[in-house]
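The values are calculated or read from the model by the stated rules, or taken from the named source; none is laboratory data. Values in this document were obtained by computation on a predicted structure and should not be read as measured data. Every residue, glycine among them, receives a Cβ derived from its backbone with ideal geometry; neighbour counts consider all protein chains shown.
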């Protein structure tokens, strides 16, 4: 099972094979805890915090001062000059 918490709400999912999360504009926190499914995380514009799980993930901070941390998989991290 996989749970997503955002805007004060939590939604559970089953059978998750991959994850796509896009924070869009603004300061975002996207954390994958205990997740082995591969993920594509994008913070968008803003000062974002991205933390991937144990899958082979792609993390893109976008414009802004971002804190980007890969997990236990073979991750690809894309930052810019401020990251």
* When you look at residue 16, is it touching a strand residue (DSSP E or B) at 6+ places or on another chain (Cβ under 7 Å), under 17 Å from residue 1 (Cβ atoms), part of a loop (DSSP other than H, G, I, E, B) and without any contact (Cβ under 8 Å) to a residue 60 or more places away in the chain, yes or no? -> yes
* Structure fact -> Only one of 40, 25 is at pLDDT below 95 and either surrounded by fewer than 16 Cβ atoms within 10 Å (Cβ to Cβ) or not in a loop (DSSP other than H, G, I, E, B) (or both), namely 25
* To do: Spot the failing condition for residue 50; the list is (1) more than 23 Å from residue 7 (Cβ to Cβ); (2) in contact with a strand residue (DSSP E or B) (Cβ under 7 Å, 6 or more places away or on another chain), and only one is missed.
  => (1)
* If you check residue 28 against the conditions, is it closer than 18 Å to residue 5 by Cα and under 9 Å from the mean Cα position of the chain (by Cα)? -> no
